[in-house]
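Report on one structure; see the data block that follows.
Coordinate-derived values only; no laboratory data. These numbers were taken from a predicted model, which means no experiment stands behind them. Note that we place each Cβ from the backbone using ideal geometry, even for glycine, and neighbour counts take in every protein chain shown.
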Amino acid sequence: MDWDAKVAAAGDCVFFDWYLAYAHLAPHLTPVLAAYGSECEIFIPGCGISDVGFELYTNGYHNITNVDISAVAIGRMQQAQVARNAVDAMEFHCLDVLEVPNLVPPNLFDVVFDKGLMDALLCNLKTNVEDTFAYLAGMYQLLRRGGTFVLVTHSATRLCYLEHPTFAWKVIRQGVVDRNGRAYHLFFCVKS
Ligand SMILES: C[S@@+](CC[C@H](N)C(=O)[O-])C[C@H]1O[C@@H](n2cnc3c(N)ncnc32)[C@H](O)[C@@H]1O
C-alpha cells in the first residue's frame, strides 16, 4: 500500500480520519484516559493525518507520541502543529511501527491508541500474520503494567489476535460504533 499517496489523496484538508472521528470515540475513550490522569503517556501508532491526537491534546493530554511510516503524513501533522503555534507539543516521528520497540525502553506508555494501523498491517497478504503478531508483541512491550491497548477496527475478527495467549492482558469488547451504516469495533486490552 502506498500510504504517502493515500495521504496526498486527502487533498487540502488538514485532517482526515479513517473510520471514526474523535467525537464518536470520546464517550468510550474519556473514562479510560481519565483513570490514568492528564500526565499519562499516550502512543499513537499509524497516526496518519487523524485529528484524534490534536483533540486529546486540546483536552489536556500533552504527552503524546505519534508515529507513521508515511513521511507525507508526518510532515503534514508537523505543519498542523506549527499552525496551532504549538511547536514541539506532541512528538511526531516517521518510522515503521515494527521498529519502535527496538528504539525505546519498554513499559513507557499508559495508553496505545490504534485506529486502523493493525488493519493496515493485515492488508499485506504476504506478511500480515507475522507482522501483526510482531506489532502486538511490540505494543505489549511498550505498555506499562495496567496500561491499555485501544484498538479501533472495521472487523470483529481481530479479536483472535488480541486474545492470543502470548499476551497477558484482559481483552474487553468495548462496543460497536455505527457510522454511515458501517460498524466499527472498539477493543480495550488492559495489561496485567
Ligand atoms: C488506515 S490508516 C489510519 C490512519 C489514522 N490512524 C486514522 O485513524 O485516520 C493506517 C495508517 O497506518 C500507517 N502505517 C501503515 N503501516 C505502517 C507501519 N508499518 N508503521 C507505521 N505506520 C504505518 C499508514 O501510513 C496510515 O497512515
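Here are some notes:
- All positions within the range 172-189 that are within 20 Å of PHE109 (Cβ to Cβ) and either in contact (Cβ under 8 Å) with a residue 60 or more places away in the chain or surrounded by fewer than 17 Cβ atoms within 10 Å (Cβ to Cβ) (or both): ILE172, GLN174, LEU186, PHE188
- Residue satisfying condition, being within 20 Å of TYR184 (Cβ to Cβ) and more than 8 Å from the ligand (Cβ to nearest atom), within set LEU103, LEU25: LEU25
- Listed conditions (1) surrounded by 15 or more Cβ atoms within 10 Å (Cβ to Cβ); (2) among the small types (Gly, Ala, Ser); (3) away from the ligand (no atom under 12 Å from the Cβ); (4) assigned to a loop (DSSP other than H, G, I, E, B) are all met by ALA80, apart from (4).
- Within the option set THR157, THR148, THR153, being farther than 21 Å from VAL32 by Cα and either of a type in the set (S, T, N, Q) or within 12 Å of the ligand (Cβ to nearest atom) (or both) holds for one residue only, THR157.
- Number of residues in the range 28-68 that are in a loop (DSSP other than H, G, I, E, B), within 12 Å of the ligand (Cβ to nearest atom) and either free of Cβ contacts under 8 Å to residues at least 24 places away in the same chain or hydrophobic (A, V, I, L, M, F, W, C) (or both) equals 2.
- Flag for MET1 being assigned to a helix (DSSP H, G or I) and either within 11 Å of the ligand (Cβ to nearest atom) or over 14 Å from the mean Cα position of the chain (by Cα) (or both): no
- Only one of the listed residues (ASP131, ASP110) is touching a residue at least 12 places away in the same chain (Cβ under 8 Å) and over 25 Å from CYS40 (Cβ atoms). That residue is ASP131.
- Note on the range 94-151: residues that are in a strand (DSSP E or B) and hydrophobic (A, V, I, L, M, F, W, C) amount to 9.
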